Amino acid sequence: MPLAEIEPVSRESTAAIIARQLREAIMNGSLPPGAQLGETELAGQFQVSRGPLREAMQRLVSEGLLRSERHRGLFVIDLEPEDIHDIYSARLAIERAAVIRIVHGPSRDEAADLLAKAVREMAAATSTEDWAAVSEADTRFHEVLVSASGSKRLVRMSRTLLIETRMCLSALRLTYASDEERVTEHEHITAALRDGDQDTALSLLEAHMEDAVQRLAPGTSLFA
């Protein structure tokens with residue numbers, strides 16, 4: 001029996017397409033924190049009227065990615081130290097749970113192989129100085145880590161943090177003297193997981209997250 005409340009699926013609207021592209025630009029740092037969005041310029045770039053553009057930007061306001069300032073316009077949100085602390089605290093809780101499930105689960109070697117693949121992609125992107133690809137591989141590593149836990153709920157919770165995480169990763173790259181450091185941290189986590197060494201894997205993960213917080217918000221600590 002058809003459900004009366006279900007609406008037919010419609011094709012993606014122009015506003016939805018614009019919102020998706022703006023969201024991606026915020027995630028990859030093309031639109032950095034604090035950047036102002038000019039309607040005239042964006043309408044020209046997208047080659048659309050201001051109607052769907054305004055609808056798209058309002059979607060991002062409701063998602064918390066843009067903020068509106070009276071008489072000034074719309075700006076990409078800034079991640080304040082307390083935001084960074086909150087993001088990484090939530091990520092650490094999710095990824096700690098994922099590590100424990102992987103270590104005690106039946107697919108530890110398979111998970112380690114997938115994580116190692118993401119690390120190799122990160123290393124290759126680092127060698128060619130493709131910083132967008134480095135951040136993508138970094139994101140993929142942590143997505144694989146959570147996915148390999150086999151927990152749909154951990155995956156769902158992790159996805160809610162994806163955009164803010166990508167924003168952090170784009171900013172984080174600028175803090176490394178050498179991106180090889182970033183690759184090495186992920187290699188060590190992968191090795192500990194492959195060995196089934198839960199204590200070391202958790203300790204490395206905590207240090208990895210704490211280091212990121214210290215780089216992005218000096219003076220802030222996950223464990224203060």
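The values are calculated or read from the model by the stated rules, or taken from the named source; none is laboratory data. Note that the structure is predicted; figures quoted are calculated from it, not measured. Here the Cβ positions follow ideal geometry from the backbone for every residue, glycine too, while neighbour counts run over all protein chains shown.
Summary table below
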{"quantity": "Qualifying position, being surrounded by fewer than 18 Cβ atoms within 10 Å (Cβ to Cβ) and either hydrophobic (A, V, I, L, M, F, W, C) or within 15 Å of the chain's Cα centre (by Cα) (or both), among 145, 174, 169", "calculated": "174"}
{"quantity": "Check on residue 164, touching a residue at least 24 places away in the same chain (Cβ under 8 Å), closer than 24 Å to residue 34 by Cα and among the acidic types (Asp, Glu)", "calculated": "yes"}
{"quantity": "Tally, over segment 177-196, of residues that are surrounded by fewer than 16 Cβ atoms within 10 Å (Cβ to Cβ) and without any contact (Cβ under 8 Å) to a residue 40 or more places away in the chain", "calculated": "5"}
{"quantity": "Long-range neighbours under 6 Å by Cβ, at least six apart or interchain, first residue closer than 12 Å to residue 151 by Cβ within segment 95-116, second among the basic types (Lys, Arg)", "calculated": "102/108"}
{"quantity": "Subset of segment 179-224 [farther than 17 Å from residue 115 by Cα, assigned to a loop (DSSP other than H, G, I, E, B) and either of a type outside the set (Val, Ile, Thr) or within 18 Å of the chain's Cα centre (by Cα) (or both)]", "calculated": "217, 218, 219, 221, 222, 223, 224"}
{"quantity": "Some residue of segment 202-217 being β-branched (Val, Ile, Thr), farther than 23 Å from residue 76 by Cβ and out of contact with any Lys or Arg (no Cβ under 8 Å at 6 or more places or on another chain)", "calculated": "no"}
{"quantity": "Filter pass, residue 136 being closer than 22 Å to residue 85 by Cα, out of contact with any Gly (no Cβ under 6 Å at 6 or more places or on another chain), assigned to a helix (DSSP H, G or I) and in the same structural domain as residue 101 (by TED's automatic domain parsing)", "calculated": "yes"}
{"quantity": "Condition check for residue 111: at pLDDT 95 or above, in the same structural domain as residue 210 (by TED's automatic domain parsing) and among the hydrophobic types (A, V, I, L, M, F, W, C)", "calculated": "yes"}
{"quantity": "Answer from 29, 34, 64 - the residue that is in contact with a Ser or Thr (Cβ under 6 Å, 6 or more places away or on another chain), closer than 21 Å to residue 170 by Cβ and not assigned by TED's automatic domain parsing to the domain that holds residue 161", "calculated": "29"}
